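K.L.:
Handing you a structure now.
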Amino acid sequence: MTRSLFKGNFWSADILSTIGYDNIIQHLNNGRKNCKEFEDFLKERAAIEERYGKDLLNLSRKKPCGQSEINTLKRALEVFKQQVDNVAQCHIQLAQSLREEARKMEEFREKQKLQRKKTELIMDAIHKQKSLQFKKTMDAKKNYEQKCRDKDEAEQAVSRSANLVNPKQQEKLFVKLATSKTAVEDSDKAYMLHISTLDKVREEWQSEHIKACEAFEAQECERINFFRNALWLHVNQLSQQCVTSDEMYEQVRKSLEMCSIQRDIEYFVNQRKTGQIPPAPIMYENFYSSQKNAVPAGKPTGPNLARRGPLPIPKSSPDDPDYSLVDDYSLLYQ
């Protein structure tokens, strides 16, 4: 800073007033309170991040998510689960970082508190000394003024008694006047001494007030700078968390780009195929023809597909009302 603003703007015309100093102290107390509020905010945010990270971790590790998928899509899902797990870990790490920043803020507050305490003790002592010396000075002034009034009354009494015949009374008045003059001189010296002492105390207080203003202004500059940097760092940490999460999710996107629908279909077919020949058509067998062509006892009764002849041609034409055509299939009404 090029110049100090505190030491030039927190005075009062009243020698007993501490309003300027009190305003500075109140401002510093507010600043310390603000640091404590931000510290608590960081702790709360850390708790939220940790809770979210742990919940996300449990979700990633315990909740099924397409566990029966196969081949390339299965690998993409595995990458997805792993990256969600990594994101969860990042949030937990962020919580630890935020707690560390809160700890630094607390240490900073305590350091400034100890620094301020030294200056405040000096200022409290000098304020008490100034107030006490001012009271002594004002008491000395009152005493001096009273002695002056007493001397004036003694002089007037002597002046009024000039025509009195009684010399003893006059002598008493002169003695009283002499005594009052001596008291005035003594009280005047005491008053001037207190004035001189008060002025020294005032100069000492003024010097300490300037030092306090400079120290407190330096502290406030340091506090604002520290607070600003702490908030800047906090926002950067949150931004970095978003960037890191996006980088992890980008791995999932890349994995999904490698996912092939055709390959997954082929993989499933190769792993689970059951054959390439469909079942033969079920042929019509006339009950009565079957009886005529019944095989004698002792011969095999099962169908011999290898020796089966061609399909019989229906005797009726497609125009026969006994037939009904549906697409390429002919259905015979029974």
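K.L.:
Assigning unit charges at the beta carbon (Lys, Arg +1; Asp, Glu -1) and nothing else, what dipole magnitude in debye, to the nearest 20, does the chain show about its Cα centre?
P.N.:
With Lys and Arg at +1 and Asp and Glu at -1, about 1120 debye.
K.L.:
So what does Tyr267 come to for accessible area, using a 1.4 Å probe and Å² rounded to 10?
P.N.:
The value for Tyr267 is about 90 Å².
K.L.:
Using a 1.4 Å probe and ignoring any ligands, DNA or RNA, find the accessible area of Phe10 and quote it in Å² to the nearest 10.
P.N.:
Accessible area, nearest 10 Å²: 60 Å².
K.L.:
Using a/c under 1.5 as the rounded threshold, could you call segment 1-52 rounded, prolate or oblate? The axes a ≥ b ≥ c are square roots of the C-alpha gyration tensor eigenvalues, and prolate needs a/b larger than b/c, oblate otherwise.
P.N.:
Taking the square roots of the gyration eigenvalues as a ≥ b ≥ c, segment 1-52 is oblate.
K.L.:
Say the cut-off is 29 Å between C-alpha atoms; which of Lys62/Lys104; Lys142/Lys168; Lys54/Lys74; Lys128/Lys211; Lys62/Lys254 go over it? Present the calculation step by step, with values, prior to reporting the outcome.
P.N.:
Values: Lys62/Lys104 36 Å; Lys142/Lys168 32 Å; Lys54/Lys74 25 Å; Lys128/Lys211 17 Å; Lys62/Lys254 24 Å.
Beyond 29 Å between Cα atoms: Lys62/Lys104; Lys142/Lys168.
K.L.:
Here's something else I'd like to know. Probe of 1.4 angstrom, ligands and nucleic acids ignored: what's the accessible area per residue over the chain, in square angstrom?
P.N.:
That works out to 73 Å² for each residue.
K.L.:
Note down the net charge around Ser60, summing +1 for each Lys or Arg and -1 for each Asp or Glu among other residues with Cβ under 13 Å from its Cβ.
P.N.:
In short, +2.
K.L.:
Given [x] 1.66; [y] 1.00; [z] 0.94, which label gives Rg/Rh (Cα atoms, Kirkwood Rh) as computed from the coordinates?
P.N.:
Correct label, based on the coordinates given: [x].
K.L.:
Please name whichever of Ala76, Gln26, Ile15 sits farthest to the positive end of the charge dipole of the chain, dipole taken about the Cα centre and charges placed at Cβ: Lys and Arg +1, Asp and Glu -1.
P.N.:
Ile15
K.L.:
Can you give me the % of accessible surface on the chain that is carbon or sulfur? Probe 1.4 Å, all protein chains present, nothing else counted.
P.N.:
Its accessible area is 55 percent carbon and sulfur atoms.
K.L.:
Name the residue farthest towards the positive end of the dipole of segment 56-208 from the options Leu121, Ala154, Ala140, assuming +1 on Cβ of Lys and Arg, -1 on Cβ of Asp and Glu, about the Cα centre.
P.N.:
Farthest towards the positive end: Leu121.
K.L.:
I've got another one for you. Convert 4 °C to kelvin, take the viscosity as 1.567 mPa s, use the Kirkwood radius over C-alpha pairs of segment 1-110 as Rh, and evaluate the Stokes-Einstein diffusion coefficient in µm²/s, rounded to a whole number.
P.N.:
70
The values are calculated or read from the model by the stated rules, or taken from the named source; none is laboratory data. From a predicted model like this one, the values you see are computed outputs, not experimental measurements. Using ideal geometry, Cβ is built from the backbone for each residue, glycine included, and neighbour counts are taken over all protein chains shown. Side chains included, ligands, DNA and RNA excluded: accessible areas come from the protein's heavy atoms. Shrake-Rupley method; radii C 1.70, N 1.55, O 1.52, S 1.80 Å.
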